[in-house]
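Right, one structure below, let's go through it.
The values are calculated or read from the model by the stated rules, or taken from the named source; none is laboratory data. Because the structure is a prediction, the values reported are computed rather than measured. Here the Cβ is made from the backbone with ideal geometry for all residues, glycine too, and neighbour counts use every protein chain on show. SASA here: full protein model, heavy atoms, side chains in, ligands and nucleic acids out. Shrake-Rupley method; radii C 1.70, N 1.55, O 1.52, S 1.80 Å.
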Amino acid sequence: MPVFRTRLLRVRALLPCWRRWHVATIPTQRQVMPMFSDILSNYSIEATAKDAATIVIADNLPCPAQVYVPYLPEESDAARIDACAMIRAAGLLPVPHISARRLQSEVALDALLGALRDQAQVDTIFLIAGDLARPVGPFADSLSVIATGLIERHGIKSVGIAGHPDGHPDVAEDVIWQAMQDKVAALTARGLDSQIVTQFSFDAQRVLDWLRQVRARGIGQPVRIGIPGPTGVRTLLRYAARCGVTASAGAVAKYGLSLGRLFGNAGPDRFVADLQAGLEPTRTGQVHLHIFPFGGFAQTADWLVQAGAAPRGCRAA
């Protein structure tokens, strides 16, 4: 067994939420599987600071356009900075999460951005409000972080912001839309590129409708649609509950996932097929996939290869 395969098999990707799945055995190479080479051509993936060292990609495996390093309370800023440096050294592009409500001060933000830039050459971040009910410092939301001017001062060129096709359990829909428009406008005014990265959803049609609303509101930024990699049904539903993803019996049954049948694996094939079929460049704009490897990097890597993601000669150092 190749070394990279052995290392990948040890991974258990336990990713946080920052905030239709087809239930079947994960396809083997002998099984017929839809090809998603177009929508996977610029995919991104998440890896915790602890798991960053396991992102070992062989020449025959697809290389992610970006690797997102989420904020976990049990992992330190130093660990996240080291992870970003490791990802950069491997020839990949690190994108650390910055959680506004967990920043203790503007000085702390300044130091964090400086370290990410100096030690990992980070030029893209993913900025979120965070999951705390009350901020620990002066930043209640992403917009207040943008307003400091520290992002561009440290040479950051692009900022990702969150999208919620299923809505947010604690925030009204009109507030979410206004916040997105305000953040895009503020970033544009500061000369910063931006993109939208979404939580995952079980409903491809809901995501497509949401994408059309994004474009109808004049927001033209690229969108990365979150999907879980293949994983066990119980694991998937556990993450859905944690992430505020709509997973009622009616919603999941519509796409073949039964709350009464929790054994086996759930792969994203049907969801991605429906999403890809519904994309219209004039109405949905530029769309890529963002993968949450809940079932581990080994299963995710296998699925990517079988789904047609093109290798790009990316190799870890």
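Summary of values
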{"quantity": "Inter-residue pairs, beta-carbon under 6 Å, first over 7 Å from residue 294 (Cβ atoms) and in region 227-240, second aromatic (Phe, Trp, Tyr) and open to solvent by less than 10 Å² (accessible area, probe 1.4 Å), 6+ apart", "calculated": "227/200; 230/303"}
{"quantity": "Those residues of region 204-218 which are open to solvent by 10 Å² or more (accessible area, probe 1.4 Å) and more than 24 Å from residue 229 (Cβ to Cβ), in sequence order", "calculated": "209, 212, 213, 215, 216, 217, 218"}
{"quantity": "Residue under evaluation residue 18, criteria (1) under 18 Å from the mean Cα position of the chain (by Cα); (2) crowded, with 20+ Cβ neighbours inside 10 Å; (3) at pLDDT below 55; (4) over 30 Å from residue 114 (Cα atoms), criterion not met", "calculated": "(4)"}
{"quantity": "Out of 127, 112, sole residue that is in contact with a Gly (Cβ under 9 Å, 6 or more places away or on another chain) and at pLDDT 95 or above", "calculated": "127"}
{"quantity": "Criterion violated by residue 122 - all others in (1) out of contact with any Cys (no Cβ under 7 Å at 6 or more places or on another chain); (2) under 23 Å from residue 224 (Cβ atoms) satisfied", "calculated": "(1)"}
{"quantity": "Within region 277-309, tally of residues that are of a type in the set (S, T, N, Q), in contact with a strand residue (DSSP E or B) (Cβ under 9 Å, 6 or more places away or on another chain) and not in a loop (DSSP other than H, G, I, E, B)", "calculated": "3"}
{"quantity": "Hits in region 161-203 - residues which are among the acidic types (Asp, Glu) and surrounded by fewer than 18 Cβ atoms within 10 Å (Cβ to Cβ)", "calculated": "170, 173, 174, 182, 193"}
{"quantity": "Count of region 110-135 residues which are surrounded by 15 or more Cβ atoms within 10 Å (Cβ to Cβ) and in a loop (DSSP other than H, G, I, E, B)", "calculated": "6"}
{"quantity": "Single residue of region 245-300 satisfying the filter (touching a His at 6+ places or on another chain (Cβ under 7 Å) and at pLDDT 55 or above) that is most open to solvent (accessible area, probe 1.4 Å)", "calculated": "270"}
{"quantity": "Test: residue 236 is modelled with pLDDT of 90 or more, in a helix (DSSP H, G or I) and either farther than 28 Å from residue 92 by Cβ or not small (Gly, Ala, Ser) (or both)", "calculated": "no"}
{"quantity": "Condition met for residue 179 (at pLDDT 95 or above, in a helix (DSSP H, G or I), of a type outside the set (Asp, Glu) and closer than 24 Å to residue 107 by Cβ)", "calculated": "no"}
{"quantity": "In region 64-100, the residues that are over 16 Å from the mean Cα position of the chain (by Cα), of a type outside the set (Asp, Glu) and over 12 Å from residue 51 (Cα atoms)", "calculated": "73, 76, 78, 81, 85, 88, 89, 90, 91, 100"}
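Yes/no matrix, rows are residues, columns are (1) modelled with pLDDT of 95 or more; (2) closer than 23 Å to residue 67 by Cα:
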{"residue": "169", "(1), (2)": "no, no"}
{"residue": "172", "(1), (2)": "no, no"}
{"residue": "184", "(1), (2)": "yes, yes"}
{"residue": "188", "(1), (2)": "yes, no"}
{"residue": "205", "(1), (2)": "no, no"}
{"residue": "212", "(1), (2)": "yes, no"}
{"residue": "215", "(1), (2)": "yes, no"}
{"residue": "219", "(1), (2)": "yes, no"}
{"residue": "228", "(1), (2)": "no, yes"}
